[in-house]
1. Given bins 10 angstrom wide, list per bin the percent of all Cα-Cα distances in region 170-274, short to long.
2. Tilt of helix 77-86 relative to the longest C-alpha principal axis of the chain, in degrees (0 to 90, nearest 10)?
3. Which angle from 0 to 90°, rounded to the nearest 10, does the C-alpha axis of helix 170-191 make with the longest principal axis of the chain?
4. Report, as a whole number in µm² per second, the diffusion coefficient that Stokes-Einstein gives for region 12-117 at 37 °C and 0.692 mPa s using the Kirkwood radius over alpha carbon pairs.
5. I need the calculated FRET efficiency for the pair VAL295 and VAL212, taking r as the beta carbon distance and R₀ as 30 Å, to the nearest 0.05.
6. I'd like the antiparallel share, as a percent to the nearest 5, of DSSP beta bridges with both residues in the chain.
7. To test your reading of the geometry: what angle, between 0 and 90 degrees and rounded to tens, separates the Cα axis of helix 390-413 from the longest principal axis of the chain?
8. Quick one: which of LYS166/LYS228; LYS31/LYS71; LYS206/LYS269; LYS217/LYS238; LYS362/LYS422 span more than 26 angstrom between C-alpha atoms?
Amino acid sequence: MYKPQIHTQLAFEDFNQPMGLTMNPENRWIKKAERIPWRELEKDYAKNFRNQKGNVAKPLRMALGALLIQKEYGYSDEETVLQIQENPYLQFFIGLPGYQDEKPFDSSTMVYFRKRLDETTLIEINEKIIVANTPAEKQDDLHDDDDDSNSGTLVLDATCAPQNIKYPTDTELLNDARTHAETIVDVVCKENKLKKPRVYRRIARKVYLNVVRRKKKAKKWLRAQLRKLLNFVKRDIKVIQELLETGYTLSEKHWIWWDTIQKIYNQQKYMYDNRTHSVADRIVSFHQPWVRPIVRGKSRTAVEFGAKFDMSMDQGIARIERTSFDAYNESEVLVGAIRRYHDRHGCYPKRVLADKIYRNLKNLKYCKIRGIRLSGPALGRPKKNEVRDKSIDYQDNADRVEVERGFSMMKRCFGAGLITTKRKDTTLSSIVLSAIAMNLSKLTADFLRLFLAYNFNSLRFSLKNIKAILFKNHIIIQ
């Protein structure tokens, strides 16, 4: 059940401050609250609650505000609620009518906030926040309705948001499959008062510890230990299959475990028999079997484990174009990103700045027909007597850094560097939340930070021009 909030656009003057508390109206959380169109978001959010019975759900401002606070500081659910309880600015941001010295909600409610605000909903919220903070004059300057020429720049790139899992190894995955299979056997036998079958769990535990504690592992020796671990898991699978054929059932959680155990065994058996370390849809975490290894080819980490996503930058604002746990070719995202750019502005971008992987024949043909310049060299061997404009290449490389800077900010400051959520849907929504938090931070940034962080590389003003702009805005350099 949900009751639409009438006074969702709470003004700072309406916030009830107790005697002796003087709040600063220029506080960043007050400024951020002013940047979000709460009333418009509230109307769309209320449509998701069609049932008129049951407990009343928390308002959108409280749910979205709490999640953004958590992204800003990287708190746990319990710490987020405590910080809101102690901070009047955070209480204003989540829409409380006045300061109160009690918890606004229980920490377990944060789980429901993440479930209700899924990836699609958050992408729509991000777009509405951007539209609400884009002046009409700026939109008119970007493109005139009477002019069919292209305008603007679209920057596009992909990265990975690492998941908070331990580094996967074959022995760890087989041991997890074995221990969870033994748990299923124990539960079924206890519920049905059966005698536990022999599964040699002590011997299997000893073999696993022998592998873990050994520093130097010879390939031949390690292969023999993997064969033993595979046999232990195979025996457990056989026992569970006999119990199921007899007529015993499993709980919903144990059915998920059972499916994961079989997949892990089949993958590990395939890699053992074929002497390889790669297999399709490889599972790297027992409790998060949807996580896949993403080959990045970076010098620091060649392979990352988490969701891969494409992000575009348009006038300094980030948008998530695609998210997936499976590896995909980034070139597939380019056409869709350009079409969405056209839907927003009514024209195609003048140039698209992207990596070489986006420059395939299909994308080059699509951009050429629409008069879009896709940055980078031509495909194939360089033509004879070809002269490239180095100034254009330098400018494109300098402007393309904007999306790399956005990735860095999302990972360092807004929680995308290590995703700690456990569910598949909340992990994807967590990535979009990081983008929303970063956009709000940019929209509320002061002039000096905004200028130095986002415009310096592209505009390349001289020191004399910088001093003139600072002096005009009453900023004095000592």
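1. It works out to 14, 46, 29, 10, 1, in whole percents.
2. 40
3. The answer is roughly 60 degrees.
4. For these conditions, the coefficient is 225 µm²/s.
5. Taking R0 as 30 Å, the efficiency between VAL295 and VAL212 is 0.70.
6. Roughly 70 percent of the beta bridges in the chain run antiparallel, per DSSP.
7. In the chain, helix 390-413 runs at an angle near 60 degrees to the longest axis.
8. LYS217/LYS238; LYS362/LYS422
Values quoted throughout were computed directly from the atomic coordinates according to the rules given, and no laboratory measurement underlies them. Remember, it's a predicted structure, so these values are computed and weren't measured experimentally. Heads up, the Cβs are rebuilt from the backbone with ideal geometry, glycines too, and the neighbour counts pull from every protein chain shown.
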